[in-house]
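**Student:** Mind having a look at this structure? Questions to follow.
The values are calculated or read from the model by the stated rules, or taken from the named source; none is laboratory data. Predicted model, so just to flag it, every value in this text is computed and none were measured. In this analysis, Cβ positions are derived from the backbone assuming ideal geometry, glycine residues included, and neighbour counts consider all displayed protein chains. Surface accessibility is based on the protein's heavy atoms, side chains included, excluding ligands, DNA and RNA. Shrake-Rupley method; radii C 1.70, N 1.55, O 1.52, S 1.80 Å.
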Amino acid sequence: MPIKFDPKTNIFKLDTDVSTYAFMVYEQGYLVHLYYGPKVPDTDLSHLMYRGWYDSLSPRNPKVQDKRFSLDSIPQELPGNSTGDFRISAIEAVAPAGDSVTDLRYAGYKIHPGKPEMYAVEGLKLPAAFAGEGEAKTLEIEMLDSLTGLKAWLSYTVFSKNGAMARSMRVENTGSSALELERAYSMCLELPGMDYDMVHMYGRWAKENTVTRHPLMHGIQGIRSKRGMTGPNHNPFMALARKGTDEDQGEAIGVSLVYSGNFSIETEVDTLGCPRVLAGIDPSSFSWHLEPGEVFQTPEAIMVFSAEGLGGMSRSFHRLFMDNLMRSQWTHKKRPLLINSWEAAVFDFDDDLLVDFAREAKKLGVDMLVMDDGWFGTRSDDTQALGDWQVNESKLKGGIGSLIERVNAEGLSFGIWYEPEMVNPNSDLYRAHPDWIIKAQGREGSLSRNQCVLDMTRKEVRDNIFGQISEVVGKNNIQYIKWDCNRNISEAGNAVLPRERQGEFFHRYVLGVYELMDRVTGTWPHILLENCSSGGGRFDPGMLYYSPQIWTSDNTDPIERLTIQMGASLCYPPACMGAHVSANPRTGFETKGNVAIMGTHGFELDPCKMTVEEKEWAKKQVADYHKYYDLTHYGDLYRLTDPAADPFFCDWEMVSRDKGEVLFTRVVMRKPENYYQMRRLRGLDPEKMYRDEESGRVYSGALLMAAGLDLSQPWPGQEDGSSVTVHLTAE
Ligand code: GLA
């Protein structure tokens, strides 16, 4: 039983396979955090709430008998506002009297088998992890502010595997007057000491997912987005790694927010050296008006505990996302290997060129042609036609049906590009509905890539775009959609929400996008949806819920891709990373293929312009894609070097979950001065004997992990940009 409540001690104990999380109901209904860390057998952990003595400046509740109890230092599950806890608060609401004192106390609990679905507002769904009854249990704690009637249910889903817990909060106004919710974090985590490093990913367009690690300091530190989308600048993920934790050993706690909009992951280290971690919607761009009876649901945060280093934490996230978050049928179905038209043709194509692409790509073994931007309205460059999703028949002569038939006749299926949330001022949609864009009243709106953002909070806007998509997707043999989103939101304002609800805009925007994605994937469940936002600008678990793959970056340079993909793998499974072989000249085809096969693999080049030698490489890569599909999509990733820190090599392994098969890959980023190279492998079964497919040599897993794989034979080159793979199978 992973969730236990002991009525004698009033302690809730939540056990995953490797971790324990505990809190207790204390005097006067305070919900006090006790412990999060490696699994422990103890039942009474109540002594862990004390963190030294309070001082004379610390407020105390006179009804609490315990002289050591002051919220100034006590760790809490739901810290409110202006209660004597002066650290950052997880919830804050303006009371009918106008003050912001927010003080919720314990009112009861429920335990559910599995994991209930999460609804946001007005029937709109929030993406969230799912779990069957055998896989998880969910505890709901009811908290109440008895003065205002503000009620909160804290939800804790405890998974039996992967050291994982999912957390969120549902808030209801059970009072008789309206309340203004000013912040509502999805989770609060209190830790007892600051010997942690904060690890997260930052970046920009074409340079996503740079991993950074730095010690916690006293005070407030964190990451956030105010862009309306998660953005490439900071990913909604953070890990706290104990000092000394490395890739393979030591404790790490990962926090990942299942959300695609403005977020904040904040840590405050108080003067006692104790961190409080909050993750949720960014409070600086949020408020929510709650009339009596109204409910607000936060997005979900997922916490993973690992005692096997950052690598172990990543593998737990990967498995959890693949098994319990990415709900598309394509997550576990063989995906088509595609060729995308963008880098080869940009806006300059017609039906004949696309059919030529299909014919040549078929010879390489490609399964699908994706027609990227440029097929609709008057779209001949990026200044026009977003919003006009009617086929441009002067480009695609005979219409899209005829093009698809011709592509199908070449033996390829067909995919298409959309940017549903956007509109160019130079478009028929904008001319008909200039009031449908996001713009604060009386302000001039900025443009970005010559486009504006449609107000996805409005159902009539979503209906129009869905109707336009239906006309094309519903009437043609389309198997894939690339859903792009190429600008962020500025001058945010909403033409229909009343003044007191303008603070709801950003969250309502995200809910609108989710609703449209839900409608598209629900209406055409056979469609493989690939998200994109100028590359990896919205690479988050909320998007993964709908699309099992996301275009990782517009940067297709294979060496640059190493840090981008390895960085993403801190939280995200390789199988979700859109990765293509392009015409980028930085390395030869072999390395481009070896890097793309870490992710989804596809092509993004003109197949008619490939040399005979390049075509041979491409055919080999397609064969490898099939040969290693199960291993690369469902296996475990072991990062053997850090490409941002190692001057020479990026080495990684994919190991099947049963440890029976291994694909080792090395990319030489810079020619090493030392040709003698041993690389110790990880994650093998020490008892198993592994045969190297190429040399026929057999080694024990124990030896490969202790002495390593000898990579010192000079294979052609060992030059900058070269690469090698080693395939091992257990006998
Ligand atoms: C974005 C995407 C690209 C491509 C273009 C089309 O930049 O990241 O892959 O689809 O848009 O305009």
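**Student:** With the condition kept exactly as written, say whether any residue in the range 450-467 is away from the ligand (no atom under 16 Å from the Cβ), assigned to a loop (DSSP other than H, G, I, E, B) and either surrounded by fewer than 16 Cβ atoms within 10 Å (Cβ to Cβ) or without any contact (Cβ under 8 Å) to a residue 24 or more places away in the chain (or both).
**Tutor:** Step one: list which residues in the range 450-467 are away from the ligand (no atom under 16 Å from the Cβ), which gives 454-467.
If we keep only those that are assigned to a loop (DSSP other than H, G, I, E, B) too, we end up with 455-458.
After this cut, where a residue has to be either surrounded by fewer than 16 Cβ atoms within 10 Å (Cβ to Cβ) or without any contact (Cβ under 8 Å) to a residue 24 or more places away in the chain (or both) as well, the list is none.
Within the range 450-467, not a single residue is away from the ligand (no atom under 16 Å from the Cβ), assigned to a loop (DSSP other than H, G, I, E, B) and either surrounded by fewer than 16 Cβ atoms within 10 Å (Cβ to Cβ) or without any contact (Cβ under 8 Å) to a residue 24 or more places away in the chain (or both).
**Student:** Now, a different point. Consider M368 against the criteria (1) open to solvent by less than 30 Å² (accessible area, probe 1.4 Å); (2) under 24 Å from E604 (Cβ atoms); (3) in contact with a helix residue (DSSP H, G or I) (Cβ under 6 Å, 6 or more places away or on another chain): it satisfies all of them except one. Which criterion is unmet?
**Tutor:** (3)
**Student:** Moving on to the next point. Name every residue in the range 479-517 that is under 20 Å from V423 (Cβ atoms) and within 16 Å of the ligand (Cβ to nearest atom), in order of residue number. Spell out the reasoning first.
**Tutor:** First pass over the range 479-517, keeping only residues under 20 Å from V423 (Cβ atoms): 481-497, 505-506, 508-517.
Selection gives I481, K482, W483, D484, C485, N486, R487, N488.
**Student:** Looking at this structure, is F12 part of a loop (DSSP other than H, G, I, E, B), open to solvent by less than 40 Å² (accessible area, probe 1.4 Å) and of a type in the set (F, W, Y)?
**Tutor:** Details: part of a loop (DSSP other than H, G, I, E, B): no; open to solvent by less than 40 Å² (accessible area, probe 1.4 Å): yes; of a type in the set (F, W, Y): yes.
Spelling it out, it is not the case that F12 is part of a loop (DSSP other than H, G, I, E, B), open to solvent by less than 40 Å² (accessible area, probe 1.4 Å) and of a type in the set (F, W, Y).
**Student:** Would it be correct to say that T148 is at pLDDT 95 or above, open to solvent by 30 Å² or more (accessible area, probe 1.4 Å) and either farther than 20 Å from P275 by Cα or touching a Ser or Thr at 6+ places or on another chain (Cβ under 9 Å) (or both)?
**Tutor:** Values: at pLDDT 95 or above: yes; open to solvent by 30 Å² or more (accessible area, probe 1.4 Å): no; either farther than 20 Å from P275 by Cα or touching a Ser or Thr at 6+ places or on another chain (Cβ under 9 Å) (or both): yes.
So T148 fails the test.
**Student:** What helices (runs of 4 or more DSSP H) completely inside the range 308-383 contain at least 2 residues that are within 12 Å of the ligand (Cβ to nearest atom) and in contact (Cβ under 8 Å) with a residue 24 or more places away in the chain? Explain how you work it out, then say what you get.
**Tutor:** Working: elements: 309-324, 342-345, 351-364.
Once the helices (runs of 4 or more DSSP H) in the range 308-383 are filtered for at least 2 residues that are within 12 Å of the ligand (Cβ to nearest atom) and in contact (Cβ under 8 Å) with a residue 24 or more places away in the chain, what remains is 342-345.
**Student:** Any chance the range 278-301 includes a residue that's touching a helix residue (DSSP H, G or I) at 6+ places or on another chain (Cβ under 6 Å), more than 21 Å from L189 (Cα to Cα), away from the ligand (no atom under 16 Å from the Cβ) and in a helix (DSSP H, G or I)?
**Tutor:** Scanning the range 278-301 turns up at least one residue that is touching a helix residue (DSSP H, G or I) at 6+ places or on another chain (Cβ under 6 Å), more than 21 Å from L189 (Cα to Cα), away from the ligand (no atom under 16 Å from the Cβ) and in a helix (DSSP H, G or I).
**Student:** Here are some residues: D17, D42. Which one is assigned to a loop (DSSP other than H, G, I, E, B), in contact (Cβ under 8 Å) with a residue 60 or more places away in the chain and open to solvent by 30 Å² or more (accessible area, probe 1.4 Å)? Show your work before the answer.
**Tutor:** Working: D42 fails: in contact (Cβ under 8 Å) with a residue 60 or more places away in the chain.
So the residue among D17, D42 that is assigned to a loop (DSSP other than H, G, I, E, B), in contact (Cβ under 8 Å) with a residue 60 or more places away in the chain and open to solvent by 30 Å² or more (accessible area, probe 1.4 Å) is D17.
**Student:** Name the pairs: first residue in the range 130-146 and farther than 15 Å from D17 by Cα, second residue among the β-branched types (V, I, T) and part of a strand (DSSP E or B), Cβ to Cβ under 6 Å, at least 6 apart or on different chains?
**Tutor:** Filtered contacts from the range 130-146: T138/T157; L139/I3; L139/I111.
**Student:** Could you please find all residues in the range 554-586 being away from the ligand (no atom under 16 Å from the Cβ), in contact with a Ser or Thr (Cβ under 6 Å, 6 or more places away or on another chain) and farther than 21 Å from L257 by Cβ?
**Tutor:** If the condition is that a residue be away from the ligand (no atom under 16 Å from the Cβ), in contact with a Ser or Thr (Cβ under 6 Å, 6 or more places away or on another chain) and farther than 21 Å from L257 by Cβ, then P558 is the only one that fits.
**Student:** Going through the range 473-502 one residue at a time, which ones are crowded, with 19+ Cβ neighbours inside 10 Å and part of a helix (DSSP H, G or I)? Explain how you work it out, then say what you get.
**Tutor:** Quick first cut of the range 473-502, residues crowded, with 19+ Cβ neighbours inside 10 Å only: 473, 478-489, 492, 494.
Correct list: V473 only.
**Student:** Filter the range 202-251 down to residues that are of a type in the set (A, V, I, L, M) and in a strand (DSSP E or B) and give me whichever is surrounded by the fewest Cβ atoms within 10 Å (Cβ to Cβ). Give the steps one after another, and end with the answer.
**Tutor:** So the first thing to find is which residues in the range 202-251 are of a type in the set (A, V, I, L, M), and the list is 206, 211, 216-217, 220, 223, 229, 238-241.
Keeping just the survivors that are in a strand (DSSP E or B) gives 211, 220, 223, 238-241.
Details: V211: 22, I220: 12, I223: 22, M238: 24, A239: 26, L240: 23, A241: 22.
Looking at the filtered set, the residue picked out is I220.
**Student:** May I ask you to say which residue of P79, P96 is modelled with pLDDT of 95 or more and within 23 Å of V304 (Cα to Cα)?
**Tutor:** Details: P96 fails: within 23 Å of V304 (Cα to Cα).
It is P79.
**Student:** Does the range 694-709 hold any residues that are surrounded by 15 or more Cβ atoms within 10 Å (Cβ to Cβ) and either in a strand (DSSP E or B) or without any contact (Cβ under 8 Å) to a residue 40 or more places away in the chain (or both), and which are they?
**Tutor:** Y699, S700, L703, L704, M705, G708, L709
**Student:** Now for a different question. Kindly provide the set of residues from the range 431-475 that are out of contact with any helix residue (DSSP H, G or I) (no Cβ under 9 Å at 6 or more places or on another chain) and of a type in the set (F, W, Y), ordered by number.
**Tutor:** Answer for the range 431-475, where residues must be out of contact with any helix residue (DSSP H, G or I) (no Cβ under 9 Å at 6 or more places or on another chain) and of a type in the set (F, W, Y): there is none.
**Student:** What's the total number of residues in the range 384-410 that are open to solvent by 40 Å² or more (accessible area, probe 1.4 Å) and either assigned to a loop (DSSP other than H, G, I, E, B) or of a type in the set (D, E, K, R) (or both)?
**Tutor:** Here the count works out to 8.
**Student:** Of everything in the range 61-105 that's among the small types (G, A, S), part of a loop (DSSP other than H, G, I, E, B) and touching a strand residue (DSSP E or B) at 6+ places or on another chain (Cβ under 6 Å), which residue is farthest from L191 (Cα to Cα)? Step through it out loud before you land on a result.
**Tutor:** First, pick out the residues of the range 61-105 that are among the small types (G, A, S): 70, 73, 80, 82, 84, 89-90, 93, 95, 97-98, 100.
Next, only the ones that are part of a loop (DSSP other than H, G, I, E, B) stay: 70, 73, 80, 82, 84, 89-90, 95, 97-98, 100.
Next cut, touching a strand residue (DSSP E or B) at 6+ places or on another chain (Cβ under 6 Å) only: 80, 89-90, 100.
Numbers: G80: 18, S89: 15, A90: 15, S100: 26 Å.
That would be S100.
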